[in-house]
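Student: Have a look at the structure that comes next, please.
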Amino acid sequence: MNTSLARFLSIVFHPLLMPTLLFGILLYLAPSILGVDAFSGTLRISLLILIFIGTFGVPSLLIYYLFRSGYVRSLQLDTLDDRRLPYFLTAIVYTGLTFLFAFRMQLLSSIAPGIAILLGSITLSILLVGLISIYWQISAHSVGIGGVVGIVAGIITKFGETDLVLVLAALIMLAGMVASARLHLNAHTPSQIGAGLILGLSISMMTVFWLI
């Protein structure tokens, strides 16, 4: 893998974009799992845009502000010192978004409680990454893509959603490519990549089997 491709994969499959990827898959390929199969295309797009703004737009602006203010030295968050504050602030943003979907949007929460549950699962993953990053540089990219793989795999296993099998195969290939990209860029060690995948997979699959 060349460096340009590795950087491209790291950007396109950034951890903050994984919730949008996940909900894009579920809203359109497995809407019955979330309880949104009766929703119009316009409403699903609106939901996805709201999720994108909350999970990517707001945290990205916060991280950029921290960078411009000198609280972090690099937008890539390459060091442990740079990672801690952005991860905890992102976890706070995700907690607020989860609260919004669970308690403030009451009609949606009663029809599609799975959205808030999955957002809560993602929030927990980010919080754990932040806590681990106090001492050790676990791969957030691996946690993110591992979480998407785990949720899709869990849904296939629990609900028999065979339409997602090809999607899962593609996601597993992408997870391997993202892991290779992070290794190629010397962003993480194999153990940090493996730990990230295990963390993302375990939390997401437990969420599907126990809560969805």
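The values are calculated or read from the model by the stated rules, or taken from the named source; none is laboratory data. Since we're looking at a predicted model, the values are computed, not measured. Note that each Cβ is placed from the backbone with ideal geometry, even for glycine, and that neighbours are counted across all protein chains shown. Just so you know, the surface numbers come from the protein's heavy atoms only, side chains and all, with ligands and any DNA or RNA stripped out. Shrake-Rupley method; radii C 1.70, N 1.55, O 1.52, S 1.80 Å.
Student: Quick one: SER32 ticks every box in (1) over 18 Å from GLY147 (Cβ atoms); (2) among the polar types (S, T, N, Q); (3) open to solvent by less than 40 Å² (accessible area, probe 1.4 Å) except a single one, so which number is it?
Tutor: Among (1) over 18 Å from GLY147 (Cβ atoms); (2) among the polar types (S, T, N, Q); (3) open to solvent by less than 40 Å² (accessible area, probe 1.4 Å), the lone unmet condition for SER32 is (3).
Student: Out of the residues in region 35-49 meeting the condition of being surrounded by fewer than 16 Cβ atoms within 10 Å (Cβ to Cβ), part of a helix (DSSP H, G or I) and aliphatic (A, V, I, L, M), tell me which one is farthest from the chain's Cα centre (by Cα). Walk me through how you get there before you give the answer.
Tutor: Taking region 35-49 as the starting set, the residues that turn out to be surrounded by fewer than 16 Cβ atoms within 10 Å (Cβ to Cβ) are 35, 37-38, 40-43, 45-46, 49.
Now drop any that are not part of a helix (DSSP H, G or I), which leaves 41-43, 45-46, 49.
With aliphatic (A, V, I, L, M) added as a condition, the list becomes 43, 45, 49.
Working: LEU43: 22, ILE45: 18, ILE49: 15 Å.
Here the answer is LEU43.
Student: Are any of the residues in region 163-180 at pLDDT below 95 and open to solvent by 20 Å² or more (accessible area, probe 1.4 Å)?
Tutor: Kept after step one, since they are at pLDDT below 95, are these residues of region 163-180: 163.
Now restrict to residues that are open to solvent by 20 Å² or more (accessible area, probe 1.4 Å): 163.
Yes; the residues of region 163-180 include at least one that is at pLDDT below 95 and open to solvent by 20 Å² or more (accessible area, probe 1.4 Å).
Student: Can you say whether GLY160 is on the phi > 0 side of the Ramachandran plot and out of contact with any helix residue (DSSP H, G or I) (no Cβ under 8 Å at 6 or more places or on another chain), as far as the supplied structure shows? It would help to see each step written out before you state the result.
Tutor: Details: on the phi > 0 side of the Ramachandran plot: yes; out of contact with any helix residue (DSSP H, G or I) (no Cβ under 8 Å at 6 or more places or on another chain): yes.
Yes, satisfied.
Student: Restricting to region 181-190, count the residues that are crowded, with 19+ Cβ neighbours inside 10 Å and not in a helix (DSSP H, G or I).
Tutor: Narrowing region 181-190 to residues crowded, with 19+ Cβ neighbours inside 10 Å: 181-182, 187-188.
Going one step further and asking which of them are not in a helix (DSSP H, G or I), we end up with 187-188.
Residues in region 181-190 being crowded, with 19+ Cβ neighbours inside 10 Å and not in a helix (DSSP H, G or I): 2 in total.
Student: If you don't mind, there's one more thing I want to ask. May I ask you to list the residues in region 1-21 that are of a type in the set (A, V, I, L, M) and closer than 22 Å to ARG83 by Cβ?
Tutor: Let us first name the residues in region 1-21 that are of a type in the set (A, V, I, L, M), namely 1, 5-6, 9, 11-12, 16-18, 21.
Within region 1-21, ALA6, LEU9, ILE11, VAL12, LEU16, LEU17, MET18, LEU21 meet the criteria.
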